[in-house]
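J.: The structure follows.
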Amino acid sequence: MTLQDNAAPTHGVVLTDVAAGKVKSLLSQEGRDDLRLRVGVQPGGCSGLIYQLYFDERSLDGDQVRDFGGVEVVVDRMSAPYLEGATIDFADTIEKQGFTIDNPNAGSSCACGDSFS
């Protein structure tokens, strides 16, 4: 058995360099090095599904993990198909500040941008 056999499966979510830098900054402010960025979807919102994006120290059965320059992004196995090919970015402009998710799997989304189907 090789090391790769024991490795967690990876997912198809991409974290941009700008977003990775913001995550590192936020983790530095927290003063913790045991947290990872967890991305998922849950039922809810006005379009049927809503994104979840938060720091998590847990490792759940079936988690898929991918590293972006020292930032681990974790996706649970149920959310992975909904997020395949999605890109997480961070905007910091006068019009908008925060993380954004560009998801090619979203057939439609609501005006708030947090909910999709």
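J.: Pulled fully out, how much extra length does the chain show between Q42 and S25, if you take 0.36 nm times their separation in residues and subtract their Cα-Cα distance?
T.: Between Q42 and S25, full extension yields 3.5 nm more.
J.: For a label point 7 Å from the Cα of L53 along Cα→C-beta, name the residues of segment 9-36 whose backbone N is under 17 Å from it.
T.: Answer for segment 9-36: 12-28, 36.
J.: Here is a further query. Gap in Å between the Cα centre of segment 8-40 and the Cα centre of segment 75-90?
T.: What the calculation gives is 13 Å, centre to centre.
J.: Moving to a separate point now. For segment 23-32, what does the Karplus curve 6.51 cos²θ - 1.76 cosθ + 1.60, with θ = phi - 60°, yield as ³J(HN,Hα) per residue in whole Hz, taken in order and with x for Gly and Pro?
T.: Per-residue couplings from phi come out as 4, 4, 4, 5, 5, 4, 5, 6, x, 10 Hz.
J.: Follow-up. Under the 0.36 nm per residue contour assumption, what length would be gained going from the current alpha-carbon distance of N105 and T10 to full extension?
T.: Here the answer is 32.4 nm.
Every number here is computed from the coordinates shown, using simple stated rules; none is lab data. Everything numeric here is computed off the predicted structure, so don't read it as measured data. Don't worry about glycine lacking a Cβ; one is built from the backbone with ideal geometry, like all the others, and counts go over all protein chains shown.
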